[in-house]
Amino acid sequence: MKFLLGSFALLSGTTTTAFSPVQSNTNVIRSPSQLAASGGKMSVRPIGIGSAAPSTLITNIDLESVHDTSDEWIQTRTGISERRVLVHDGTRSVIHASADGTKVDSEVNENLRTLGIEAAKDALAMSGISASDIDLVICATSSPDDLFGDAPSIAHAIGCDSSKCAAFDLTAACSGFLFGIITAAQFLNGQGNGAKNALVLGADALTRWVDWEDRNSCILFGEGAGAMVLKSSGDFAEPDSDEEYGILGYAMHSNGGGYMDLKCNYRGEPKKISTPGEGIVVHDGSYDMMTMNGRKVYSFATREVPTVLDEALKQAGISVEEVDHLLLHQANIRIMETVANRLGIPMEKVITNLYKYGNTSAASIPLALDEAVRTGRVKKGDVIACAGFGAGLSWGAAILKWG
Ligand code: ACO
């Protein structure tokens, strides 16, 4: 596959600039620290979804033993009851086919990669597409098992063909999955690069990086992985239907001016190496624990998410009334209520499973969508308005027509 990287330039400056092909809103004036991209329909259909979460559960009641907190406080302020976490030396059992086709149950290490592999296999099975036909794998994560990226090893484990499939990680915190599907869609929608099928994962293990001494933040997060298969819709012939499926419109933004409100910074301890003379002090690398200004992130999310959804809906040419489901990054039920209220969308249309997983960062949107599709709540042809937001600061929205 040859990628058209030339069409993929993201520009900053005083005007909003879009990926190609564009339907850009050139009147919007932004500060130089902001980047933005938006656009209308891309011929890319979401056709498979899968997810996985660790086996270990921590309930709010469990956290009452760790902190001066209560189940009542956490539920009222966040909507979270429990979360799944990766534990040290944890294992999970997986079922796979042996060489003679029989099903074999085996124990594997439970880590972010194994969750991603399971989610990816589920999404592929739903899509009916073989791993060997996947051209692009993007793993959206801020907490990979391997700092150099988990996407290539996940692609290898599920059976992608390394002679044609490119795989890389993408870091955009809780906006990562949204940014990932928009990025994949640029390749699938592009002319001439030959990419037909993409697998986009959202996978995070932020409890590895939370400060367990900080009751403001440690109650929020959990682990999980989700995956979506996207297909270039040029392949679909539906002569009896004028229906347009896929990404109908999107918008994405970032503003590094607010990065200190939610961060997990590199920290190097001094390490002396004995080069000739007095030696050189290099870094012995590690990361600080995550820090978050909860109130600032809350007001950022409730301010920007309705606006970016409005922007994506305009790009899609879809009215709020035509939205069947609102699916936001699962951070806090009060954020979802405020955003739904500001857009005039009733809570019955809001998809959420936050109460049982907490904030799973890049995994939260596919984890909730997988459940909604598999329980029959989301049906083929439904319009889903999705938005992600989080560290960076970053935020984005996509209007999907499922199927
Ligand atoms: N249990 C009991 N009391 C608590 C707890 C707790 N776990 N945490 C904080 N409190 C106390 C505070 O100390 C404070 O007490 P005080 O009034 O005596 O000072 C009081 O509760 C109220 O604190 P607030 O910070 O005002 O609580 P708020 O209602 O804002 O809720 C929360 C805090 C849940 C963190 C909220 O601000 C929030 O959800 N913010 C958004 C966070 C978010 O979405 N982050 C993820 C982004 S995604 C990513 O990119 C990783």
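For the stretch 265-286, the condition holds for no residue, the condition being that it is within 16 Å of the ligand (Cβ to nearest atom) and surrounded by 13 or more Cβ atoms within 10 Å (Cβ to Cβ). Only residues that are touching a residue at least 60 places away in the same chain (Cβ under 8 Å) and more than 14 Å from the ligand (Cβ to nearest atom) were counted across the stretch 288-314, and they come to 6. Among the residues making up the stretch 169-187, those that are assigned to a helix (DSSP H, G or I) and small (G, A, S) are A173, S175, G176, G180, A184, A185. In the set L220, L201, L230, L136, only one residue is closer than 30 Å to T291 by Cβ, in contact (Cβ under 8 Å) with a residue 60 or more places away in the chain and more than 16 Å from the ligand (Cβ to nearest atom); that residue is L201.
In this structure, is I181 within 27 Å of M42 (Cα to Cα) and either touching a Lys or Arg at 6+ places or on another chain (Cβ under 7 Å) or assigned by TED's automatic domain parsing to the domain that holds G388 (or both)? No.
Selection within the stretch 315-331: residues that are in a loop (DSSP other than H, G, I, E, B) and within 16 Å of the ligand (Cβ to nearest atom). The member of this set that is farthest from the chain's Cα centre (by Cα) is A331.
When the strands (runs of 3 or more DSSP E) confined to the stretch 61-156 are screened for residues that are of a type in the set (D, E, K, R), those reaching at least 1 such residues are found at 82-85, 91-97, 103-109. K380 meets all of the listed conditions (1) modelled with pLDDT of 95 or more; (2) surrounded by fewer than 24 Cβ atoms within 10 Å (Cβ to Cβ) but one, namely (1).
The values are calculated or read from the model by the stated rules, or taken from the named source; none is laboratory data. Keep in mind that what you see is a predicted model, and the values were worked out from it rather than measured. Using ideal geometry, Cβ is built from the backbone for each residue, glycine included, and neighbour counts are taken over all protein chains shown.
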